[in-house]
Every structure is written in C-alpha cells, then in structure tokens.
Amino acid sequence: MNIRHHLSDDILMAYSAGELPEAFGLVVATHVSMCDECRARMESFEAVGGAVLAGADSVAMGKDSLAATMALIKSGTQHDKAPAPTRRAGIFPGPLAAYAGGGPESLKWRRVGGGVRQAILPSSEEASARLLHIPAGAAVPDHGHRGLEMTLVLQGAFRDEAAQFGPGDVEIATDADEHTPVAEPGEDCICLAATDAPLRFNALLPRLAQPFFRI
Ligand code: ZN
Ligand code: ZN
C-alpha cells in the first residue's frame, strides 16, 4: 500500500496516552493497522513511555503506589500496544471490523444527498465516527469545520483543494479548512471519518438537512 498522508507525532502520542476521544482513536487505530511507518513511530513512543514508567518504579514509588498507578492506567483507554498490522480480507481493516461488526453490509446506511451515503458508528459523545460511501465522481457537499475532522480512505480515492487521498491516506482538516471532497472516477470511495463538532455546510439545503443526518 502506497500511503502518502500520515498521522502527526502529536496524534500518535495522544492515542498511546489514551487522550483521544473514541471516534478519533478508531481512525488512528485503523490507519496504524494499515501503515508500517506510523506503527513504527507509535512503537517508539511506547518504548519511551514504558521506560519512564519503569524508571518511576525504581526511584520513589512503593509497591502499592506503583500497583495503583498501573491499575489506573489499565482502567483507562490507554493503548499499551500499537494496533497490529491488518490482514485485509474485506475493506474493513482489523480495528474497524472489530468496531463496526464485520463489513459494510452489516451497517445501516442512510442517504445524505448527491448519492452519498453514511453509516454512523457508535462512539462516546465528544466526537462522532461515520463511514461515508461516495459514488465514483460524486462530491461531498462543500463544508467547513468547527473542530477537527480526520478522514481515512478505505477504498477508492478522493481529491479536494488540498491533495488527492487514496487507500490508507488520512486527511486532517481543522477550523481553517473549507473543502469539497470529490471521489475520483473509477471506483466508489469509502472513508472512515471522525469529527469533534458538527460540520458547517455552505449551501442552504445541506445546512437544513444537517440536524436530521447528524453530519
Ligand atoms: Zn501512516
Ligand atoms: Zn471535511
């Protein structure tokens, strides 16, 4: 897989520390399962984190406080292992297949206009995760973002004002970015997207539709 758009060190570290909302964590885990480069970087951060923890043991902490610390870490959503490389039987890599329960056919898809369909995935409140199915050549309505949006391509490719994104590529968009993703011709594009605030659509109709579709 020829991945050209990766996750930043900040995001990989935040994932390892368990600091990302569930929806973003899902995107990160899925990308890392597809991407040798990001997995290697994540493993190197984890090695450093482990060394810090081991050092703390020998310095001041008694046995009980170390045990308490470890229990605290384990009870959170800290990820002490980078997601394993995925074996791609279908289009859902391991972490996503585990989360979404199998493949696209097991999900509830709804139309959101322009031939685009989405399936909302369960996640904690701070951010939402969905799968988008964009027919080849079709556009996702022009929109801006109030927060952070991470989009990972699973099948096909899309292009927007910033770049072209193919399988395994992840696009990070923030408040400052306004874009119109268009699926490349040839193959329908399927993406996993996470957002931490409702998107801001520019055209009137999609904006009216927004409360119903939870985009
Ligand atoms: Zn990567
Ligand atoms: Zn966007």
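The values are calculated or read from the model by the stated rules, or taken from the named source; none is laboratory data. Please read all numbers here as calculations on a predicted model, not as lab measurements. Ideal geometry is used to build each Cβ from the backbone, glycine not excepted, and the neighbour counts take in all protein chains shown. Please note that ligands, DNA and RNA were not included when accessible areas were found on the heavy atoms of the full protein model with its side chains. Shrake-Rupley method; radii C 1.70, N 1.55, O 1.52, S 1.80 Å.
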(message) Please report the carbon-and-sulfur percent of the accessible area for segment 103-213; probe 1.4 Å, protein heavy atoms only, DNA, RNA and ligands left out.
(response) 57
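Within segment 79-171, which trypsin sites (Lys or Arg not before Pro) sit in a loop by DSSP and count at most 14 neighbouring Cβ atoms inside 10 Å?
Loop-located and lightly packed - Lys81, Arg87, Lys108, Arg146.
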(request) With a Förster radius of 30 Å, plug the Cβ-Cβ distance of Ile91 and Ala162 into 1/(1 + (r/R0)^6) and report the FRET value to the nearest 0.05. (result) 0.80
(request) Evaluate E = 1/(1 + (r/R0)^6) for Ser44 and Arg111, where r is the Cβ-Cβ distance and R0 equals 45 Å; express this FRET efficiency to the nearest 0.05. (result) 0.55
(message) Whole-Hz ³J(HN,Hα) for each residue in segment 169-174, computed from phi via Karplus 6.51 cos²θ - 1.76 cosθ + 1.60 with θ = phi - 60°, x for glycine and proline: what do you get?
(response) 6, 10, 9, 10, 10, 10
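Work out how much length Ala17 to Glu37 would gain on full extension: take 0.36 nm times their residue separation and subtract the Cα-Cα distance, in nm to one decimal.
This chain segment gains 5.3 nm when fully extended.
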(message) Rounded to the nearest 10 Å², what accessible area does Phe24 have for a 1.4 Å probe in the complete protein model?
(response) 10
(message) How far apart, in nanometres, would the label points at Ala176 and Arg4 be if each is projected 7 angstrom from Cα along the Cα-to-Cβ direction?
(response) 2.2
(message) Cα atoms only: what Rg and Dmax, in Å, come out for segment 103-213?
(response) 12.9, 36
